[in-house]
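Structure first, commentary second.
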Amino acid sequence: MSVHVTFLHLCRQNKYDILDMSSKSHSHPHKHQTSFKKFCSTHTVSKSDILARINRNAQNKAEAQLANSTQTLYVDVRYVCLYQNEGQRVSLTRIQENHRVLNSVYSGQNSSELSKVPNTTLNPWQPVIGNPRIQFLPLDASQVTCEYKPITSALDGNEPVVDAAIRGGRVNGVLNIYISTTSGGSILGQAELASNIVYVLYTTVGGPNVPGTLTGFNTGKTLVHEVGHSLDLNHTFYDTVCDGVKPYPDVPEAVNPSYDTELYQNGEGKWDLRNDNRDRDRRGVTSGESCLNIDNKTNDMGCNIMDYGDDEVSLMFSASQASIMRNFLLSGSNTALQLKTSSSASYSESGATSGPTIGTSAGTTPTTPESDSDSSMSTTTVVIIVCSVLGALIIGAIIFNVVRHKQDQSKSSKKSEAYTEAQPSTL
């Protein structure tokens with residue numbers, strides 16, 4: 001049985017990203033028997049703006065070093081489920097599974113997926129895979145909690161993320177993730193660009209082990225995509241004209257989403273992609289849907305998370321995208337998300353906790369204040385003992401040298417006296 005759905009993307013005042021799955025029919029053959037169509041409003045962000053973001057410097061040298069370093073950056077997360085009935089009340093197990101997916105993708109630990117990123121002539125994407133090195137707290141998905149709040153009506157169909165923030169509350173400093181549905185149940189997800197509020201449709205929440213209920217979009221990638229927007233990423237296809245200037249230096253220029261991209265193994269057993277816009281233009285299935293006339297060396301990067309592919313093909317961020325997200329977290333323009341460089345503290349319902357200052361060593365094992373104090377006292381004790389031993393040795397050496405010097409003087413005096421007595425008198 002064919003399911004006909006429509007994807008709608010709106011960049012309303014360049015703040016919101018909306019994935020709309022409505023009941024309108026539009027036929028496109030697809031491996032999930034699902035049809036897609038994309039509508040896009042005028043983008044208000046210029047290409048020069050995103051190029052500036054890619055090349056923008058952090059506020060100081062310390063931040064710049066962190067942005068380009070391998071140090072993991074940490075962000076607190078708060079989950080809120082706004083439900084009208086028990087069917088919309090997503091289980092905590094599914095939320096925890098989606099949190100695990102979120103951390104896996106943003107830390108490059110989704111190795112089984114990344115191994116499927118092709119490195120073929122038309123899809124040479126393996127070398128440009130980026131690792132954001134961003135983690136969302138708590139690290140242990142089993143420790144994730146959710147605030148369940150009943151609502152009497154669905155969220156606003158145009159700006160659900162704003163409505164969700166009003167109804168579910170918005171906590172500063174943490175990433176607020178709202179799980180719910182809209183009037184008509186048509187919007188897959190929405191995020192405020194470079195901010196701390198994200199909305200996802202409840203049927204998309206889950207992961208490979210505990211999937212959601214929306215076929216093709218039930219393994220948590222909708223949340224991964226929307227969080228990318230909250231960390232200052234635009235779509236790979238947000239450009240408006242094919243002019244040879246790529247908004248992302250390591251992503252092919254695109255003006256339309258590749259929503260039909262397919263992942264498959266070719267005759268050599270290698271993973272490859274097909275049916276993205278450039279591939280379709282190249283084969284004559286469509287015309288003018290891509291920037292193939294500007295650059296025909298490769299296909300579109302249909303496996304990019306910030307495109308409109310389904311969960312199966314949403315595999316990677318590019319290196320420039322990873323850099324943009326890290327730079328955003330470290331820059332002065334980030335006023336909504338509190339950056340942490342340690343996983344020792346996380347959000348609780350009583351409020352966001354204070355994180356350590358920038359500069360905590362990467363990979364340092366988190367410690368509680370008590371253990372920090374114990375560690376400090378232990379170090380002080382060792383220093384005192386070492387200093388005492390060294391002091392005793394130095395004093396001992398000084399005494400030894402003094403005694404030895406006096407003994408040498410005594411011997412020298414006796415030798416001198418013996419020599420004088422042995423000489424004949426010279427009167």
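Please say if the range 187-321 is rounded, prolate or oblate, where rounded means a/c under 1.5 for a ≥ b ≥ c the square roots of the C-alpha gyration tensor eigenvalues, and otherwise the choice is prolate for a/b larger than b/c and oblate otherwise? Don't jump to the answer; show the numbers that get you there.
Numbers: a/c = 2.07, a/b = 1.31, b/c = 1.58.
The shape class here is oblate.
If you wrap a convex hull around the alpha carbons of the range 132-253, what volume per residue comes out, as a whole number of Å³?
Numbers: hull volume 18.1 nm³, N = 122.
Measuring per residue, one finds 148 Å³ for the Cα hull of the range 132-253.
Listed highest first by mean packing, meaning other Cβ atoms within 10 Å per residue, what order do 129-136, 230-237 come in?
On the way: 129-136: 19.8, 230-237: 24.9.
Answer by packing, highest mean first, reads 230-237, 129-136.
Given the Cα atoms of the range 77-131, and with Rh set as the inverse mean 1/r over their pairs in the Kirkwood sense, what is Rg to Rh to two decimals?
Numbers: Rg = 16.6 Å, Rh = 13.8 Å.
My calculation puts Rg/Rh at 1.20.
How would V77, V90 line up from fewest to most surrounding beta-carbon atoms within 10 angstrom? The partial results should precede the final answer.
Working: V77 21, V90 24.
The order, fewest Cβ neighbours first, is V77, V90.
Where a number appears in this text, it was derived from the coordinates with a stated rule and is not lab data. Fair warning: this is a prediction, and the values are worked out from it, not measured in the lab. When we count neighbours, we look across all protein chains shown, and the Cβ atoms used for this are built from the backbone with ideal geometry, even at glycine.
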